[in-house]
Amino acid sequence: MDGSSGEILMISKEIRKGLRGLFKDSSGLMAVIGFLILIFYVVVAIFAPFISPYNPTQPSGPSLLPPTVSHIMGTDNLGYDIFSRLVWGTRMAFAIALIATAIAAVVGIPVGLLVGYIGGKTDRVVTMIMDSVYAFPGLILAIAIAAMLGPGLLNIAFSIAVVYIPTYYRVIRSQVSTVKSELYVDGARAIGAKTSTIIGSYVFPNVLPSTIVIFSMNLADSIMTEAGLSFLGLGIAPPTPDWGYDLAKGQQFILNNDWWMVLFPGLAIITIVLGFSMFAEGLDEYFNPNIGEKR
Amino acid sequence: MSLLEARDLSIEYLTRDGNLKAVENVSFSLGFHETLGLVGESGCGKSTIGLSLLRILPINARMKGKILYKEKDIAILPEEEIRSLRGKEISMIFQDPMTSLDPIMRIKNQFFETFRAHFQKMKEEEMIKISSDVLKSIGIDPSRLENYPFEFSGGMRQRVMIALAIVLNPSLLIADEPTTSLDVVVQLQIMEVLKELKDKRNMSMVLITHDLGLVAEIVDKVGIMYAGNLVEFGDVNSIYENPLHPYTRLLLISIPNVKLEDMELKYIKGNLPSLKSPPAGCKFHPRCPFVMDVCTKEDPPTFEINERKVKCWLYEGEHDESKSETNIG
Amino acid sequence: MMNQNQKLISVRNLKKYFPLKVSWLKIFKERPYVRAVDDLSFEIKYGETLGLVGESGSGKTTVGRTLVRLENPTGGQILFEDVDLAKLFGESLRTKRKDFQMIFQDPMASLNPYMRIGNAIEHPLKIHKMGNKAERKIRVYEILEKVGLPPEEFYNRFPRHLSGGQRQRVVIARAMVTNPKFVVADEVTAMLDVSIRSQILKLLIDMKNEFGLTYLFITHDLASAKYICDKIAVIYLGKIIEIAKTYDIFKEPLHPYTKILIASVPVPDPKMKKKKFIPSGEIPSPINIPSGCRFHPRCPYAMEICAKVEPELKEINGRTVACHLYD
Ligand SMILES: Nc1ncnc2c1ncn2[C@@H]1O[C@H](COP(=O)(O)OP(=O)(O)OP(=O)(O)O)[C@@H](O)[C@H]1O
Ligand SMILES: Nc1ncnc2c1ncn2[C@@H]1O[C@H](COP(=O)(O)OP(=O)(O)OP(=O)(O)O)[C@@H](O)[C@H]1O
Ligand code: SF4
Ligand code: SF4
Ligand SMILES: [Mg+2]
Ligand SMILES: [Mg+2]
């Protein structure tokens with residue numbers, strides 16, 4: 001089980017690589033498709049109460065019912081309507097992903113900016129710490145922290161955030177150290193700008209595009225991680241609707257041929273991750289106008 | 001018969017936001033043992049022409065017209081044949097000497113690769129002998145064959161590039177800005193090397209540059225390019241003595257010189273046009289001091305005057321019999 | 001101007017060494033340095049333009065950057081009026097910066113791509129708290145007009161929509177907006193198109209005349225220095241080897257290296273097929289500076305003494321040169 005969920009993170013990387021190959025010449029299209037998928041899920045999340053036909057936390061029919069007209073995705077072992085659970089689960093997925101990624105960004109970006117600009121010893125120490133966190137397998141780290149903090153939305157989000165702080169830090173820091181040596185930063189120093197002004201008006205705007213890209217990539221990854229945590233029973237306490245938890249539960253019944261319990265949560269996770277990934281990749285190409293221009 | 005002739009050569013690049021006409025209806029010819037200077041400012045299409053002569057344009061380029069090399073049309077030659085021409089008959093020195101040498105290969109092996117591309121069975125001693133001779137002829141000690149590119153300075157690297165380009169004794173050498181990234185003094189040294197090559201090896205050359213001053217001493221013919229057009233073409237002496245096109249005239253007088261009696265700074269007003277949305281009519285008209293009504297509306301054709309060509313309305317109606325002494329300066 | 005004949009800047013024994021990274025195994029040996037600027041002295045009077053000319057790697061940019069204190073000098077003094085800039089740090093240096101400015105070689109890289117032209121030019125005024133919002137805007141409009149960019153058209157544009165020449169104009173405007181006394185112009189025309197270069201030179205000359213500026217004009221191209229400089233200093237491997245009035249330098253260059261630099265300016269004349277005075281080799285590395293006269297390995301006139309004794313920069317018959325030929 002550990003193997004399969006550990007690979008989830010790997011898969012999201014592979015997805016991005018594959019996407020890049022698939023949409024070589026039309027990154028715009030890729031971003032648009034990604035965006036449409038995301039919009040779809042956002043609408044689902046907002047209108048969950050109107051879309052879901054049943055209460056997701058109460059039995060609404062016989063258990064283990066295959067897809068029928070009244071339960072289009074079937075029911076689980078407790079008789080919960082899977083479709084309704086997935087619809088409500090969208091909210092959970094978004095909430096955790098957004099909160100976790102936001103925490104990571106709020107910590108990682110300023111630290112990366114400051115440390116990257118100052119450089120020197122501070123840089124070496126902070127980078128070493130960040131690198132060791134980064135080197136740790138993401139899911140295992142999240143598991144450790146989640147196990148320590150216990151269940152609850154904020155705790156889960158926080159455990160995921162810790163995993164992604166170094167991604168921001170590393171990208172921002174390395175960008176800052178290149179931007180720092182650009183002539184326009186020297187120019188700003190030459191006109192007498194303060195360090196804070198230089199970072200704020202000259203450095204940050206130039207690294208902003210990449211933070212937006214990392215943000216959407218990390219959203220994809222953190223949905224995966226959250227699913228992984230729930231899969232291991234470290235996520236949101238049942239019976240709160242959650243895709244990862246549903247997938248984990250479905251897996252126990254796969255030998256009974258109750259395929260619908262795995263297929264639909266799985267599809268939900270894959271499509272939303274795909275949506276974020278396509279959006280992020282598309283943006284990346286967009287912000288890197290050099291790709292595809294001159295030879 | 002001329003060695004090389006371009007007839008109505010047009011090259012477009014397809015890009016995300018529209019097509020870009022990098023070269024438009026360019027025609028010129030180059031005789032055996034002649035040197036042509038292709039001169040123009042950045043983005044006017046010089047490199048694009050250079051690449052087209054070897055048919056190595058980027059994939060988003062679309063080419064029209066003819067390029068005749070020894071009467072064969074390079075544009076439609078089968079891939080096999082063109083490959084056998086590259087490096088052996090026509091070779092090229094690229095704009096950036098830092099990136100065009102393989103950094104992890106000894107100079108020696110780069111020479112071997114060049115030989116083997118055309119003569120699979122050549123013996124090593126022979127290859128070394130020829131390479132050594134060529135290196136010596138351009139002022140590099142043959143013992144440096146064992147070195148890697150990073151062990152050379154910029155100027156020496158450019159010499160190696162030249163040596164690699166001429167080692168198979170091509171009939172035509174295309175040199176794309178061979179000195180642009182180099183220092184003033186080194187630039188002079190490299191030009192000296194090229195001049196010697198030209199005299200000793202009887203090679204034909206196309207020298208691409210933005211520096212009208214630099215090529216004066218070495219070329220026989222000059223083509224002046226502006227925004228994808230060849231605006232003037234002719235023999236070097238007549239172009240420098242009596243430039244016809246307004247752009248050529250202004251360019252010549254705006255080159256800073258070291259003469260003490262000449263202290264006034266002259267320049268061309270305005271900016272280079274965009275190739276994606278060039279001005280209507282003559283592309284030089286927004287900057288031209290002689291602009292006429294017709295210039296803003298219609299693109300001038302190329303007029304021929306005493307074996308010179310000029311693309312400017314001022315010369316409408318002037319033909320071979322009339323002397324080209326019109327005073328427009 | 002009242003200060004006409006007084007010094008604005010006087011640089012004394014300026015040194016800038018960059019330490020090289022060495023492996024810790026060699027820690028006991030003497031630490032190698034790049035001696036980019038090696039004991040250099042010169043003066044610039046009010047309203048004067050001094051040209052600093054030399055090959056790539058000779059230390060020109062480093063001199064300029066050290067003068068405006070983008071680098072900390074390793075040694076020496078930079079007297080700006082009565083203040084030694086070499087001893088200024090932190091806040092006092094920052095506030096002093098409105099009096100001296102630097103224009104960089106690469107106009108594509110010296111503007112923040114995310115800042116509109118108008119804001120970029122206004123920024124120095126804001127930083128030094130000069131004027132209120134309305135006054136600043138008027139000043140920016142004024143200066144845009146001066147550098148030949150119609151303000152209505154350019155105020156709100158981003159740098160990427162400008163050509164190289166236009167960007168260099170913006171950079172010049174930004175450097176001049178605080179009314180500095182002294183401007184370092186580092187190869188400002190080198191990366192521009194041929195037909196644009198003289199335009200920018202002309203603009204610099206006009207700005208100088210209008211604001212009574214003092215320039216250090218850095219270039220490798222002696223020909224363009226001719227039009228703008230009152231005096232020219234030739235630098236070789238971090239040291240000045242000749243300094244003279246522009247007229248004198250072109251009329252009769254003394255130092256062999258100066259002669260070479262003048263000869264290396266291409267002449268647009270196909271009939272000038274004369275054999276030129278070309279040195280062998282390239283500029284050596286500033287890590288291992290040759291003994292004696294640092295030019296001796298390339299000098300066609302080198303004598304025995306040249307490899308042993310370093311010639312001093314001294315005055316001979318009203319000219320200043322560092323070469324044993326004139327002992
Ligand atoms: N692969 C490409 N795709 C699209 N546009 C291109 C491509 N290669 C060149 N161009 C454009 O075509 C025009 C001509 O380019 P080219 O490289 O021939 O100019 P050049 O005269 O050699 O300029 P330079 O002096 O800068 O080398 C330029 O505007 C350039 O931006
Ligand atoms: N930050 C630095 N660290 C180490 N070495 C440096 C640094 N800056 C410059 N140098 C070295 O100092 C020497 C002088 O460099 P500088 O840039 O001042 O030369 P330059 O005359 O301006 O040359 P160019 O014409 O190429 O701009 C060079 O050898 C360069 O490699
Ligand atoms: S055609 Fe007209 S605008 Fe163009 S160069 Fe000739 S005179 Fe000038
Ligand atoms: S001192 Fe000697 S080596 Fe140096 S420039 Fe003079 S003659 Fe040449
Ligand atoms: Mg080119
Ligand atoms: Mg420099």
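If amide hydrogens are placed 1.01 Å from N in the peptide plane, which non-local residues have theirs closer than 5 Å to the one on B:Met225?
B:Val39, B:Gly40, B:Val231
Counting residues in chain A as N, plug N into 2.2 N^0.38 Å and put the Cα Rg over that result.
Rounded to two decimals, the normalised Rg is 1.12.
Taking one equal scatterer on every alpha-carbon of the protein assembly as shown, how large is log10 of I(q)/I(0) by Debye at q = 0.05 1/Å?
-0.41
Taking R0 as 51 Å, what FRET efficiency do you get between B:Asp141 and C:Glu145 from their Cβ-Cβ distance, rounded to the nearest 0.05?
0.30
May I ask for the distance between the Cα centers of the range A:182-259 and the range C:239-270, given as a whole number of Å?
A separation of 61 Å, based on Cα centres.
In a Gaussian network model over chain A where Cα atoms closer than 10 Å are linked, find which of A:Asn218, A:Asn155, A:Asn55 has the largest mean-square fluctuation.
It is A:Asn55.
Would you please give the residues with an amide H less than 5 Å from that of C:Ile240, counting only those at least 5 places away or on a separate chain, with H modeled from the backbone geometry?
C:Ser41
Report, in debye and to the nearest 20, how large the dipole of chain B comes out about its Cα centre when Lys and Arg carry +1 and Asp and Glu carry -1 on their Cβ.
That gives a dipole near 840 debye.
Within the set of other residues whose C-beta is less than 9 Å from the C-beta of C:Pro151, count the net charge using Lys and Arg as +1 and Asp and Glu as -1.
That sum, taken over residues with Cβ under 9 Å, equals -4.
So which residue, out of A:Arg20, A:Arg124, A:Arg85, gets the largest mean-square fluctuation from a GNM of chain A using Cα contacts under 10 Å as springs?
In the Gaussian network model the winner is A:Arg124.
Report, to the nearest whole %, how much of the accessible area of chain A belongs to carbon and sulfur atoms, 1.4 Å probe, protein only.
Taking all protein chains in place, chain A shows 69 percent carbon and sulfur surface.
For the range C:55-211, just say rounded, prolate or oblate: build the C-alpha gyration tensor, square-root its eigenvalues into a ≥ b ≥ c, call rounded for a/c under 1.5, and beyond that prolate if a/b exceeds b/c, oblate if not.
oblate
Pairing the Cα long axis of helix B:124-137 with the longest principal axis of chain B, what angle in degrees results, from 0 to 90 and rounded to the nearest 10?
Tilt of helix B:124-137: around 40 degrees.
Provide the per-residue ³J(HN,Hα) series for the range B:215-224, in order, calculated from phi with Karplus coefficients 6.51, -1.76, 1.60 and θ = phi - 60°, each as a whole number of Hz, with x at glycine and proline positions.
Each residue's phi maps through the Karplus curve to give 8, 3, 6, 10, 9, 9, 10, 10, x, 9 Hz.
In degrees from 0 to 90, rounded to the nearest 10, what is the angle of the helix A:27-46 Cα long axis to the longest principal axis of chain A?
50
In cubic angstrom, how much convex hull volume per residue do the alpha carbon atoms of the range C:184-327 span?
Each residue corresponds to 140 Å³ of Cα convex hull volume.
Can you give me the C-alpha center-to-center distance between the range C:199-232 and the range B:1-80, rounded to a whole angstrom?
If you average the Cα positions of each part, the centres end up 40 Å apart.
Note down the nm distance, to one decimal, between modelled labels 7 Å out along Cα→Cβ at C:Asp269 and at B:Met105.
4.5
Over chain B, calculate the relative contact order: mean separation of alpha carbon pairs under 8 Å at least 6 apart, over the residue count, as a percent.
Value for chain B: 19 percent.
Accessible area of B:His33, 1.4 Å probe, to the nearest 10 Å²?
My reading of the accessible area for B:His33 is about 100 Å².
For the range B:98-169, what is the charge dipole size about the Cα centre, in debye to the nearest 20, if Lys and Arg each add +1 at the Cβ and Asp and Glu each add -1 at the Cβ?
Charge dipole, the range B:98-169, about its Cα centre: 80 debye, nearest 20.
Might you report the magnitude of the Cβ-based charge dipole of the protein assembly as shown about its Cα centre, with Lys and Arg at +1 and Asp and Glu at -1, to the nearest 20 debye?
Dipole magnitude for the protein assembly as shown comes out near 1940 debye.
Set Lys and Arg Cβ to +1 and Asp and Glu Cβ to -1, take the dipole of the range C:21-139 about its Cα centre, and tell me which of C:Pro32, C:Ala120, C:Val53 lies farthest positive.
Of the candidates, C:Ala120 comes out farthest on the positive side.
Given points 7 Å out from each Cα along the Cα-Cβ axis, report the B:Ser42 to A:Gln252 separation in nanometres with one decimal.
Roughly 6.7 nm, to one decimal.
Report the one residue of C:Tyr236, B:Ser181, B:Tyr226 whose Cα lies farthest in the direction of the positive end of the charge dipole of the protein assembly as shown (charges on C-beta: Lys and Arg +1, Asp and Glu -1; origin at the Cα centre).
C:Tyr236
Any idea of the accessible area per residue across the range B:98-169, 1.4 Å probe, to the nearest Å²?
Solvent-accessible surface per residue comes out at 51 Å².
Give a residue-ordered list of calculated ³J(HN,Hα) values for the range A:77-92 (Karplus: 6.51 cos²θ - 1.76 cosθ + 1.60, θ = phi - 60°; whole Hz; x for Gly, Pro).
Per residue, the Karplus-derived 3J(HN,Hα) values read 5, 9, x, 6, 6, 5, 4, 4, 5, 5, 4, 5, x, 3, 4, 5 Hz.
Apply the Karplus parameterisation 6.51 cos²θ - 1.76 cosθ + 1.60, with θ equal to phi minus 60°, to every residue of the range B:20-32 and state each ³J(HN,Hα) to the nearest whole Hz, in sequence, with x for glycine and proline.
10, 7, 7, 9, 10, 6, 9, 10, 7, 9, 9, x, 5
Under 10 Å, Cα contacts only: if you run a Gaussian network model on chain B, which one of B:Glu264, B:Glu192, B:Glu24 comes out with the highest mean-square fluctuation?
Highest fluctuation among the options: B:Glu264.
Expressed as a whole number of Å, what is the distance separating the alpha-carbon centroids of the range C:57-120 and the range C:164-184?
Centre-to-centre distance over Cα atoms comes out at 13 Å.
From the Cα gyration tensor of the range B:266-305, with a ≥ b ≥ c the square roots of its eigenvalues, which class applies: rounded if a/c is under 1.5, or else prolate if a/b is larger than b/c, or else oblate?
Oblate is the answer for the range B:266-305, as a/c is 1.5 or above yet b/c matches or exceeds a/b.
Consider a paramagnetic label point 7 Å from the Cα of C:Asn156 along Cα→Cβ; state which residues of the range C:111-126 have an amide N under 13 Å from it.
Flagged as within label range: C:116-119.
For the cross-link pairs C:Lys16/C:Lys245; C:Lys60/C:Lys208; A:Lys17/A:Lys194; B:Lys70/B:Lys195, which exceed 30 Å when the distance is taken from alpha carbon to alpha carbon?
A:Lys17/A:Lys194
What distance in nm separates the simple spin-label points at A:Ser196 and C:Asp327, each placed 7 Å from Cα in the Cβ direction?
Inter-label distance under the simple model: 6.1 nm.
If amide H atoms are built 1.01 Å from N in the plane of the peptide, which residues on other chains or at least 5 residues away come under 5 Å of the amide H of B:Thr15?
Under 5 Å from the amide H of B:Thr15: B:Leu20.
What percent do you get for the relative contact order of chain A when only Cα pairs under 8 Å and 6+ apart count?
RCO, chain A: 28 percent.
Arrange the residues C:Met108, B:Met105, B:Met161 by how much accessible surface each exposes, largest first, with a 1.4 angstrom probe.
From most accessible down to least: C:Met108, B:Met105, B:Met161.
Work the Kirkwood hydrodynamic radius out for the range A:174-222: mean of 1/r over every pair of different alpha-carbon atoms, inverted, in Å.
Value: 11.8 Å, from the Cα pair sum.
Please give the FRET efficiency for B:Arg62 paired with C:Ile316, using the beta carbon to beta carbon distance and R0 = 51 Å, rounded to the nearest 0.05.
Computed FRET efficiency for B:Arg62 and C:Ile316 comes out at 0.20.
The values are calculated or read from the model by the stated rules, or taken from the named source; none is laboratory data. As the structure is a computational prediction, the values presented were derived from the model and not from experiment. Quick reminder, even Gly has a Cβ in these numbers, built from the backbone with ideal geometry, and neighbours come from all protein chains shown. Quick note on the areas: whole protein, heavy atoms, side chains included, nothing else; ligands and nucleic acids left out. Shrake-Rupley method; radii C 1.70, N 1.55, O 1.52, S 1.80 Å.
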